[in-house]
Amino acid sequence: MVNFLKHTLSNGLAVIAHRDDSTPMVTVNMLYRVGSRNEHPNHTGFAHLFEHLMFGGSANAPQYDMHVQLAGGECNAFTTADFTSYYVTLPAQNIETALWLESDRLLNPLLNEKTLQIQQQVVIEEFNQRYLNQPYGDVSLLLRPLAYKAHPYQWNTIGKSADHIAAATLSDVKLFFSKFYTPANAILAIAGNILPEQAFLLAQKWFGDIRHTAAPPDSVTPEPPQTEPRSLSVRRNVPAAAIYKAYHMPPRLHADYHACDLISEILSGGKSARLYRRLVQEAQLFSSVNAYVGGDMDAGLFTVSGHLLPQTDMQRANTAVEAELQRLCSENISEYELEKVKNKMESLHVFAESTAMQKAIALACAEMMGNADLINTDIESYRRVTTGDVRRVAGSIFGSENCSTLFYHNDHA
């Protein structure tokens, strides 16, 4: 159980505080409700670019990292399709350094042509290295627009193209900041060796005077149901051919999300899981297989992937994967098989919240989803899933009309 208290400042900033006196440290996590889903189709990659720009310093702290290091801390950030999160972990007695830095860059980030050009080059280089210049790097760039035709999940957090990042102007960036970087569109989570009452006082001290600006409306285009199978075949210079199958699945807060997550573990959660046992060990079609869910706020993707052995025919491998998925739709799994993955999920849940940093991030994410107490109740949602739920949910998502398949051929074949 993660105990916490919540307080909302008059400017709309939600503050979540959790005391953990087993550590001398504290984590300050600032989450903004802006991700790639909030971008314009012709201006993608802005949320991730802005994550980089926020480390360019602010009016009173032009060297953000230096102040964190002098306070004995570490900092980082990450961007998803749904939000951007910034966090600092440092000794509890130095917490005001983190709060000062976060408040100052919310008020006065250093947004100028020089900073923008530097970070554009950094992000473009990241785009090239991670997505274009390594094996299988462009899979998500191909699979997402195949699966999504209307919703902004059709592009990655880094954007559709490096050209969008290069074309960003200073006025574009400033407009993006003024729209999304407001107290009412943010959540401040503080976890560690600090009393919640003190955390609230310090939040008021450093953020209370920032003026209130209404959070932007959420006007994302919903994705219509997919009604026919889609496929794309490409050739690349990769070690082995691969298959990627994406099925539309319910959003994070849907009652069936937890069943989807457990199904991914039933299929590929280790060497005793179904796909590995039957398609790698027994049929010897693949060298590796995987199944995973994205955890997106809106309706996301359940992805099944595998790297083929050299002698494996692509269509035979695809048929074998589909057959295994259909087994889940037509046969009830055993109570033992379900209990095993539930126990694993509970262990992962506990380990994922073992530090102040992990709890601060988890609390902010849960609050973004509508209720910070989800950090405590989520595991019960997994526990309530039945074998009948697994069969029903598998039947609802693993239809061929709901699938987008990327056939990734290697040039050596």
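The values are calculated or read from the model by the stated rules, or taken from the named source; none is laboratory data. A quick note: this is a predicted structure, and the numbers were derived from the prediction, not measured. For neighbour counting, all protein chains shown are included, and Cβ atoms are generated from backbone atoms with ideal geometry for every residue, glycine included.
Structure above, values below:
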{"quantity": "Wholly enclosed strands (runs of 3 or more DSSP E) of segment 1-71 bearing at least 2 residues surrounded by 24 or more Cβ atoms within 10 Å (Cβ to Cβ)", "calculated": "14-19, 25-32"}
{"quantity": "Selected residue (only one of A394, A366 is more than 30 Å from A199 (Cα to Cα), at pLDDT 95 or above and not hydroxyl-bearing (S, T, Y))", "calculated": "A394"}
{"quantity": "Which numbered condition P225 misses (of (1) under 20 Å from E331 (Cβ atoms); (2) under 26 Å from the mean Cα position of the chain (by Cα); (3) assigned to a loop (DSSP other than H, G, I, E, B))", "calculated": "(1)"}
{"quantity": "Complete set of residues in segment 200-215 that are surrounded by 12 or more Cβ atoms within 10 Å (Cβ to Cβ) and in contact with a helix residue (DSSP H, G or I) (Cβ under 8 Å, 6 or more places away or on another chain)", "calculated": "L202, A203, K205, W206, F207, I210, H212, T213, A215"}
{"quantity": "Residue list for segment 162-214, restricted to those being of a type in the set (A, V, I, L, M), part of a helix (DSSP H, G or I) and within 16 Å of G35 (Cα to Cα)", "calculated": "I165, V173, L175, A184"}
{"quantity": "Hits in segment 216-237 (condition: touching a Phe, Trp or Tyr at 6+ places or on another chain (Cβ under 8 Å) and surrounded by fewer than 18 Cβ atoms within 10 Å (Cβ to Cβ))", "calculated": "P216, S231, L232, S233, V234, R236"}
{"quantity": "Matching residues in segment 169-198 - criterion: being of a type in the set (G, A, S) and surrounded by fewer than 22 Cβ atoms within 10 Å (Cβ to Cβ)", "calculated": "S171, S178, A184"}
{"quantity": "Unique match (being in the same structural domain as S85 (by TED's automatic domain parsing) and either over 30 Å from N94 (Cα atoms) or over 28 Å from the mean Cα position of the chain (by Cα) (or both)) among L202, L188", "calculated": "L202"}
{"quantity": "Which listed residue is within 21 Å of G399 (Cα to Cα) and touching an Asp or Glu at 6+ places or on another chain (Cβ under 8 Å), from A273, A317, A299", "calculated": "A299"}
{"quantity": "Residues (of a type in the set (K, R) and either within 21 Å of N76 (Cβ to Cβ) or touching a Pro at 6+ places or on another chain (Cβ under 7 Å) (or both)) located in segment 1-38", "calculated": "R19, R33, R37"}
{"quantity": "Hits in segment 95-109 (condition: under 17 Å from D65 (Cα atoms) and either surrounded by fewer than 18 Cβ atoms within 10 Å (Cβ to Cβ) or among the charged types (D, E, K, R) (or both))", "calculated": "E96, E102, D104, R105, N108"}
{"quantity": "Filter result for G192 (in contact with a helix residue (DSSP H, G or I) (Cβ under 7 Å, 6 or more places away or on another chain), of a type outside the set (A, V, I, L, M, F, W, C) and at pLDDT 95 or above)", "calculated": "yes"}
{"quantity": "So S381, is it assigned by TED's automatic domain parsing to the domain that holds F302, among the hydroxyl-bearing types (S, T, Y) and either over 23 Å from the mean Cα position of the chain (by Cα) or outside any helix (DSSP H, G or I) (or both)", "calculated": "no"}
{"quantity": "Out of L99, L106, sole residue that is over 29 Å from F127 (Cα atoms), in a helix (DSSP H, G or I) and modelled with pLDDT of 95 or more", "calculated": "L99"}
{"quantity": "Residue in segment 81-89 that is assigned by TED's automatic domain parsing to the domain that holds T44, assigned to a helix (DSSP H, G or I) and either among the charged types (D, E, K, R) or without any contact (Cβ under 8 Å) to a residue 24 or more places away in the chain (or both) present", "calculated": "no"}
